[in-house]
Amino acid sequence: MPVSFTEKERYYFNDLRQIMKVLRGGDGCPWDKEQDHHSIRRNFLEEVYEVLEAIDQENPDMLKEELGDVLLQVVFHSEMESEKGVFDIDDVCDGICKKLIQRHPHIFAGIKADTTAEVLSNWEEIKQREKGQTTKTQTLESVPKVLPALMRAEKLQSRAQKAGVDMGAVFPPISALRDNLDRLADAIGKNDSAKADFVLGEMLFSLTTAARLFGLDPEFSLYQTCDRFVAQFSAAEKLALENSVPLDGLSRNGLSNLWEQVKRTLDTNENG
């Protein structure tokens, strides 16, 4: 038997709250009632990435839908805590409103900050004070460990630089990369997987340093390369099939020549 609920032509935020309460209620959905923070943790992450994809595609309809999915996750997690009497979605809204007011004293408290740099400096100072951070190490430790590794490395280096430790100046990335490349080749030659694992991490950290010095986002750089790889793979597969030879039927030299041919074609098309 359906629950008592009045459908509308248009719904608003409070309707979303009510729907979630119905889904989690006694006569609600078995799946929704079984979930906890950990069981839908990955869902939250996937929804955020889908928002990013909509932004990259500049697709407003997709963005609207995916933002709704993220909002659902926020309401879902808040409802779980509301059921336990810990906090509810109003407390979440109250917290972020207070944070925005407190971290924008140049807007709400008459503090002078005419440039973006001054605003960010104030933001960081207030944030450290709020979190009770008294050492520079604590600002690094507060970077979430669950971030993608390249993004975490960039944020760690950025905070270290603000603390007076510029990894790019202390360890020039190009020199570090050359040194680590030799060490990696040596480790691979000796079949030393533990050393190779360590050196590879050092190389990726140095690459992040190089990207930061050029004002690049290493996560986005790799993202674009992944897209190019898919395009190259697709073109290579199509060309191979035109020659009646599947990719897995090519010799190493044949595959190398085919891949170079595809790269030249794609590079020519991209560069006009």
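Every number in this text was worked out from the coordinates using simple rules, so none of it is lab data. Not measured: the values here are computed from a predicted model. Note that each Cβ is placed from the backbone with ideal geometry, even for glycine, and that neighbours are counted across all protein chains shown.
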| Long pairs among Lys98/Lys145; Lys21/Lys99; Lys8/Lys64; Lys21/Lys84, criterion Cα-Cα beyond 23 Å | Lys98/Lys145; Lys21/Lys99
| Under the Karplus curve 6.51 cos²θ - 1.76 cosθ + 1.60, θ = phi - 60°, whole-Hz ³J(HN,Hα) for the range 187-198, x wherever Gly or Pro sits | 5, 5, x, 8, 6, 9, 5, 5, 5, 4, 4, 5
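Cβ under 14 Å from Glu83's Cβ, Glu83 left aside: what net charge do those residues give with Lys, Arg +1 and Asp, Glu -1?
-2
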| said: Need one number: the % of Cα-Cα pairs in the range 36-181 sitting beyond the 18 Å mark. | reply: 74 percent
| task | Over the Cα atoms of the range 166-267, compute the convex hull volume and normalise it per residue, giving Å³. | result | 135 Å³
| message | Would the chain count as rounded, prolate or oblate if I go by the C-alpha gyration tensor, calling it rounded below 1.5 in a/c and otherwise prolate when a/b exceeds b/c, oblate otherwise? | response | oblate
| field | Per-residue HN-Hα couplings for the range 147-156 [Karplus 6.51, -1.76, 1.60; θ = phi - 60°; Hz; x = Gly/Pro] | value | 4, x, 4, 5, 5, 5, 4, 5, 5, 4
